[in-house]
Amino acid sequence: MMDALARALMPHLIIAPIVLPLLAAALMLLLRNRGRWTVAAINVTACVLGVVLAMMLLHWVHHMARPLSVGVYLPSNWSMPYGIVLAADRLAAMMVLLTSLIGLAAVLYSCARWHQAGAFFHPLFQLQLMGLYGAFLTADLFNLFVFFEITLTASYGLLLHGTGAPRVRAGMHYIALNLMASSLFLMGAAILYGVTGTLSMADMAIMVPAIPEDDRALLHAGAAILAVAFFVKAAVWPLNFWMPAAYSSAGAPVAALFALLTKLGVYAILRLWTLLFPQDAGISALFGGPALVALGLVTLTFGALGVLASQHLGRMAAFYAILSSGTLLAALGFGQPAVTGGALYYSFGSTMAVSTLFLLVELIDRTRQVEDRPPLEWWEMSVDAFAVSAFYEPYVQHQRGVNLDDAEEELIGRAIPGSMAFLGLAFMACGLTIAGLPPMPGFVGKMVILSALLNPQGFGQNAQVSPAAWTLLGLLMVGGLLSIVAASRAGVRYFWTPTGRTAPRLRVVEIAPIAMLLALNAALVWRADEVMRYVNATARHLHRPDDYISAVVAARPVPPPAPRASAPTPEEQP
């Protein structure tokens, strides 16, 4: 059924993830006077449809787009490279699906209360998704800039959603830094256009090998300026000083969606680097690779130290995002398909874990607050009466009179509220994933990365391992250790030592998105073989971009329909 539906919707399926949030945002603005729940229902429906479209697009690219596994769409129906070009390959489809899933989780969570804190939360949310989808699907450098700006413009409003001086102060820093990055983006794109004469990324990749030696330095300078703009968005050290304050002060669903923005910066680096400087690009082959590795290693170190130094869960989650970004950048900089495949697998689990952690921060902070208890609504779930001790009551009966605390009260058999049990287990799963401990997907991704780095020619083959690979190995181990120490310390502070606190009341719309993201992380491990085959195929096509280039260059406008034959006039009739 999915095959038939995807085939029927092609090639318009490529542009559908961009058009859907645009139409949803326009509809919500038209109906904003109908009530918040009407607008929220439209937002949730659009996000659900976005997940369905993303799944169909990934299915079509992976199983049906033969032999190149790339779909191309010309929205303006102009020939390449003069018109707008959208291209969906395995990497773009993967990122669109990841965006749709996190977007759905964030919007469900926001329906508990956050969407009532501002007038235009839902339209801005859909415009943010539109910018992300467009940036992942575009095949044109200028339109990449346009979609970046759509994403950033919406993020400005979402970051300031709510009240509070810390949010406004962090928002001003966020806006200033990203405006600077946008200026660098334009400068780098202008230089590359001046050298290559095109803004189509595929056409630019064709031009790069033929650039004269006198212009080669200008090409590299343009690429380096463009990379700095992407480094700001990817939270690469030392350009990430704004991120912990901005992300930790944002609302929980907004911060969960912002976890994708760092991956957008890494995606842009990976896309352009593999297109313009592949291994067969001659003197420019893998240009900047050592710099990517070095910056990734430093960013990883900075993120790990920041996680250890953080005392607030929001800042800890932000530094976890920096740690994840540094790991990805360092792994991708080696330019090895096997390492890139492991990094892409790791990006799935780490991004969803960071988003989940941002959602958990607000719920965990409620354990330190005294809540007034209004009557329950239909979407709320009370867990006050649920206690984990009910599951081991038979064991408790045999242990009466032992294990007393300082107040000589029994420890065994003391009720654990269900809400605290859920929050504790979810927090532990996120910490294990980001730290890279088994059996979570972070462990699988890191093991694949390290196996490929330490055995570049396969197991059983003697090959020299670079010092950078050994450094990444050591930092991944140390970073994982520091991460688990920080998570354990936070777990003790929030879940083990507190006594006498009222367990927070959790709503269904708050629990459901967190459970969904955790289940998806578990599915990554359960279906690890299939996911690894997909990301390895993605990595091979990235480092050998001939199929992507050929598909984009070969795209042709749809010819206009033939004019209908008019009825003969009386003079023309025999």
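The values are calculated or read from the model by the stated rules, or taken from the named source; none is laboratory data. The shown structure was predicted, so the numbers you read here are calculated from the model rather than taken from an experiment. Note: ideal-geometry Cβ built from the backbone for every residue, glycine included; neighbour counts use all protein chains shown.
Let me confirm something: among 286, 257, which residue is buried (at least 17 other Cβ atoms within 10 Å of the Cβ) and either in a helix (DSSP H, G or I) or touching a strand residue (DSSP E or B) at 6+ places or on another chain (Cβ under 7 Å) (or both)?
Numbers: 286 fails: either in a helix (DSSP H, G or I) or touching a strand residue (DSSP E or B) at 6+ places or on another chain (Cβ under 7 Å) (or both).
None of the others qualify; the one that does is 257.
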### Query
Picking from 234, 202, 227, which residue would you name as being crowded, with 22+ Cβ neighbours inside 10 Å, closer than 30 Å to residue 550 by Cβ and in contact with a strand residue (DSSP E or B) (Cβ under 9 Å, 6 or more places away or on another chain)?
202
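Out of 163, 196, I need the residue that is of a type in the set (S, T, N, Q), over 24 Å from the mean Cα position of the chain (by Cα), farther than 17 Å from residue 265 by Cβ and at pLDDT below 85. Which one?
Details: 196 fails: at pLDDT below 85.
Criteria check complete, one pass: 163.
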### Query
When residue 221 is evaluated against the numbered criteria (1) over 28 Å from residue 83 (Cβ atoms); (2) under 15 Å from the mean Cα position of the chain (by Cα), which criterion, by number, is the only one it fails?
(2)
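Residues are listed down the side, and each one gets a yes or a no for (1) closer than 18 Å to residue 175 by Cβ; (2) crowded, with 24+ Cβ neighbours inside 10 Å; (3) touching a strand residue (DSSP E or B) at 6+ places or on another chain (Cβ under 7 Å); (4) acidic (Asp, Glu):
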{"site": "99", "(1), (2), (3), (4)": "no, yes, no, no"}
{"site": "107", "(1), (2), (3), (4)": "no, yes, no, no"}
{"site": "120", "(1), (2), (3), (4)": "yes, no, no, no"}
{"site": "129", "(1), (2), (3), (4)": "no, yes, no, no"}
{"site": "137", "(1), (2), (3), (4)": "no, yes, yes, no"}
{"site": "142", "(1), (2), (3), (4)": "no, no, no, no"}
{"site": "148", "(1), (2), (3), (4)": "yes, yes, no, no"}
### Query
In region 520-535, how many residues are in contact with a His (Cβ under 8 Å, 6 or more places away or on another chain) and either on the phi > 0 side of the Ramachandran plot or not hydroxyl-bearing (Ser, Thr, Tyr) (or both)?
0
### Given (1) aliphatic (A, V, I, L, M); (2) under 21 Å from the mean Cα position of the chain (by Cα); (3) more than 26 Å from residue 341 (Cα to Cα), index of the condition residue 135 fails
(3)
### Query
In region 149-173, how many are within 22 Å of residue 86 (Cα to Cα) and touching a helix residue (DSSP H, G or I) at 6+ places or on another chain (Cβ under 6 Å)?
4
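Output the residues belonging to region 60-106 that are among the small types (Gly, Ala, Ser) and modelled with pLDDT of 80 or more.
Within region 60-106, the first condition is being among the small types (Gly, Ala, Ser), and the residues that meet it are 65, 69, 71, 76, 79, 83, 87-88, 92-93, 100, 103, 105-106.
Within region 60-106, 71, 87, 88, 92, 93, 100, 103, 105, 106 qualify.
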### Task
Mind checking which helices (runs of 4 or more DSSP H) fall wholly inside region 140-208 and carry at least 2 residues that are hydrophobic (A, V, I, L, M, F, W, C), more than 27 Å from residue 243 (Cβ to Cβ) and in contact (Cβ under 8 Å) with a residue 60 or more places away in the chain?
201-207
### Query
Can you find even one residue in region 524-546 that is surrounded by fewer than 15 Cβ atoms within 10 Å (Cβ to Cβ), of a type in the set (Ser, Thr, Tyr) and either modelled with pLDDT under 80 or out of contact with any Ser or Thr (no Cβ under 9 Å at 6 or more places or on another chain) (or both)?
no
### Conditions (1) buried (at least 24 other Cβ atoms within 10 Å of the Cβ); (2) within 30 Å of residue 361 (Cα to Cα); (3) of a type outside the set (Lys, Arg); number of the one not met by residue 244
(1)
### Query
Within region 305-356, can you find the residues that are at pLDDT below 85 and among the hydroxyl-bearing types (Ser, Thr, Tyr)?
310
### Query
If you scan region 454-478, which residues turn out to be in a helix (DSSP H, G or I), at pLDDT below 85 and either of a type outside the set (A, V, I, L, M, F, W, C) or within 18 Å of residue 429 (Cβ to Cβ) (or both)?
467
### Task
Among residues belonging to region 1-40 that are at pLDDT 85 or above and in contact with a strand residue (DSSP E or B) (Cβ under 6 Å, 6 or more places away or on another chain), point out the one that is surrounded by the most Cβ atoms within 10 Å (Cβ to Cβ).
14
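Out of everything in region 520-545 that is basic (Lys, Arg) and not in a helix (DSSP H, G or I), what residue ends up being nearest to residue 58 (Cα to Cα)?
Going residue by residue through region 520-545, those that are basic (Lys, Arg) are 527, 533, 540, 544.
Next cut, not in a helix (DSSP H, G or I) only: 527, 544.
Details: 527: 16, 544: 20 Å.
Filtering region 520-545 for residues that are basic (Lys, Arg) and not in a helix (DSSP H, G or I), the one nearest to residue 58 (Cα to Cα) comes out as 527.
Please work out if residue 210 is farther than 27 Å from residue 360 by Cα and not basic (Lys, Arg).
On the way: farther than 27 Å from residue 360 by Cα: yes; not basic (Lys, Arg): yes.
It is true that residue 210 is farther than 27 Å from residue 360 by Cα and not basic (Lys, Arg).
Give region 404-453 a look and list any residue that's more than 26 Å from residue 361 (Cα to Cα) and either assigned to a helix (DSSP H, G or I) or at pLDDT 80 or above (or both), or say none.
Going residue by residue through region 404-453, those that are more than 26 Å from residue 361 (Cα to Cα) are 404-413, 447-453.
Result: 447, 448, 449, 450, 451, 452, 453.
Please find, within region 211-224, the residue that is surrounded by the most Cβ atoms within 10 Å (Cβ to Cβ) out of those that are part of a helix (DSSP H, G or I) and out of contact with any helix residue (DSSP H, G or I) (no Cβ under 9 Å at 6 or more places or on another chain). Even if it seems obvious, please write down each step before you answer.
Of region 211-224, the ones part of a helix (DSSP H, G or I) are 213-224.
Adding the requirement that they be out of contact with any helix residue (DSSP H, G or I) (no Cβ under 9 Å at 6 or more places or on another chain) leaves 214, 217.
Details: 214: 7, 217: 10.
Filtering first and then ranking leaves 217.
Among the residues in region 170-190, are any in contact with a strand residue (DSSP E or B) (Cβ under 8 Å, 6 or more places away or on another chain) and either under 30 Å from residue 359 (Cβ atoms) or surrounded by fewer than 20 Cβ atoms within 10 Å (Cβ to Cβ) (or both)?
Of all residues in region 170-190, those in contact with a strand residue (DSSP E or B) (Cβ under 8 Å, 6 or more places away or on another chain) come to none.
No: zero hits.
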### Task
Being surrounded by 16 or more Cβ atoms within 10 Å (Cβ to Cβ), of a type in the set (A, V, I, L, M, F, W, C) and closer than 11 Å to residue 300 by Cα is the filter here, so list the residues in region 472-487 that pass it.
472, 475, 476
### Message
Being out of contact with any Asp or Glu (no Cβ under 9 Å at 6 or more places or on another chain) and closer than 22 Å to residue 189 by Cα narrows it down to one residue among 254, 232; which is it?
### Response
232
### Single unsatisfied condition, residue 262 versus (1) crowded, with 23+ Cβ neighbours inside 10 Å; (2) modelled with pLDDT under 85
(2)
### Query
Can you tell me how many residues in region 54-110 are closer than 17 Å to residue 549 by Cα and hydroxyl-bearing (Ser, Thr, Tyr)?
4
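When you look at residue 43, is it of a type outside the set (Asp, Glu), surrounded by 15 or more Cβ atoms within 10 Å (Cβ to Cβ) and modelled with pLDDT of 75 or more, yes or no? Reasoning before the result, please.
Values: of a type outside the set (Asp, Glu): yes; surrounded by 15 or more Cβ atoms within 10 Å (Cβ to Cβ): yes; modelled with pLDDT of 75 or more: yes.
Spelling it out, residue 43 is indeed of a type outside the set (Asp, Glu), surrounded by 15 or more Cβ atoms within 10 Å (Cβ to Cβ) and modelled with pLDDT of 75 or more.
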### Query
Can you spot a residue in region 271-278 that is of a type outside the set (A, V, I, L, M), assigned to a helix (DSSP H, G or I), in contact (Cβ under 8 Å) with a residue 40 or more places away in the chain and more than 14 Å from residue 333 (Cβ to Cβ)?
yes
